[in-house]
Amino acid sequence: MPNSANLKFRASVTEGTPGSKIVFDKLFAVSALLFFAPFILVIAVLILLTDGRPVFYGHERVGHRGRRFKCLKFRTMCRDSDQRLLEHLRNSPKAKAEWEASRKLTDDPRVSLLGRILRKTSLDELPQLLNILSGDMSTVGPRPIVQDEARYYGDNFADYKSLRPGLTGLWQVSGRSDVGYQERVNLDVEYVHNRSFLLDLKIVAKTIYVVLKREGAQ
């Protein structure tokens, strides 16, 4: 179980106000978009050249107060990804068990070669900066989930809906793909109950470290 004790800030730490968090989110998103603009352009061209359109992929996620939104990413899967997944799960009991347990696959046949690189470096998530600008997401928050995943949260789903989902969060800096699903839920709930502006800054700093080391990326 990942140890996130070093990231805990209890009620004794002053929380940032909602207004300050919104201002921070906007400034962060604009600054990051300006910095990563050349990378975004190059990635878009590479996707077009290697696998055609679409460049971006928007999947419906549950947001603040249960509102649905399109969570943006660079498309990392082949265009026949659904068929590839069905065939893989049908032919591999081990993969089927892994998928049913975590909704993820260690060796995912749907992901293109370029997609694997983007995922490993987390560059596929750069378009979510636009989600932050639009107000659908925050820089730091719970991991964006689809509606079907709400059942895993049980009574804690209300905690999830109380905040905007984050580009990063406790899950991302605590092992990411190496973390079981229930532990992801626990980390999301932990963040909701212990959130603060200082904690957000610490998570952002550790996210940079984790991405550079490529810890837990898939």
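In summary, Leu105 fulfils each of the numbered conditions (1) under 29 Å from Leu33 (Cβ atoms); (2) in contact with a helix residue (DSSP H, G or I) (Cβ under 8 Å, 6 or more places away or on another chain) with the single exception of condition (1).
If I go through the range 170-206 residue by residue, how many of them are small (Gly, Ala, Ser) and within 27 Å of Ala97 (Cβ to Cβ)? Break it down into steps so the answer makes sense when it comes.
Step one: of the range 170-206, the residues small (Gly, Ala, Ser) are 174-175, 177, 180, 196, 205.
So of that shortlist, the ones also within 27 Å of Ala97 (Cβ to Cβ) come out as 174-175, 177, 180.
Residues flagged as small (Gly, Ala, Ser) and within 27 Å of Ala97 (Cβ to Cβ) within the range 170-206 amount to 4.
Output yes when any residue across the range 153-170 is buried (at least 24 other Cβ atoms within 10 Å of the Cβ), touching an Asp or Glu at 6+ places or on another chain (Cβ under 7 Å) and of a type in the set (Ser, Thr, Tyr), and no when none is. Checking the range 153-170: at least one residue is buried (at least 24 other Cβ atoms within 10 Å of the Cβ), touching an Asp or Glu at 6+ places or on another chain (Cβ under 7 Å) and of a type in the set (Ser, Thr, Tyr).
Selection of first residues in the range 155-166 that are of a type in the set (Asp, Glu) and of second residues that are in a helix (DSSP H, G or I), restricted to Cβ pairs under 6 Å at least 6 apart or on distinct chains, gives the following pairs, ordered by first then second residue: Asp159/Val189; Asp159/Val192.
Residues that are out of contact with any strand residue (DSSP E or B) (no Cβ under 6 Å at 6 or more places or on another chain), modelled with pLDDT of 90 or more, buried (at least 16 other Cβ atoms within 10 Å of the Cβ) and aliphatic (A, V, I, L, M) within the range 196-218 comprise Leu199, Val204, listed in sequence order. Scanning the range 46-67 for residues being loosely packed, with under 11 Cβ neighbours inside 10 Å and out of contact with any Lys or Arg (no Cβ under 8 Å at 6 or more places or on another chain) gives a total of 2.
Would the range 91-100 turn up any residue that is crowded, with 18+ Cβ neighbours inside 10 Å and in contact with a strand residue (DSSP E or B) (Cβ under 7 Å, 6 or more places away or on another chain)? Checked the range 91-100: no residue is crowded, with 18+ Cβ neighbours inside 10 Å and in contact with a strand residue (DSSP E or B) (Cβ under 7 Å, 6 or more places away or on another chain).
The values are calculated or read from the model by the stated rules, or taken from the named source; none is laboratory data. Because the structure is a prediction, the values reported are computed rather than measured. Quick reminder, even Gly has a Cβ in these numbers, built from the backbone with ideal geometry, and neighbours come from all protein chains shown.
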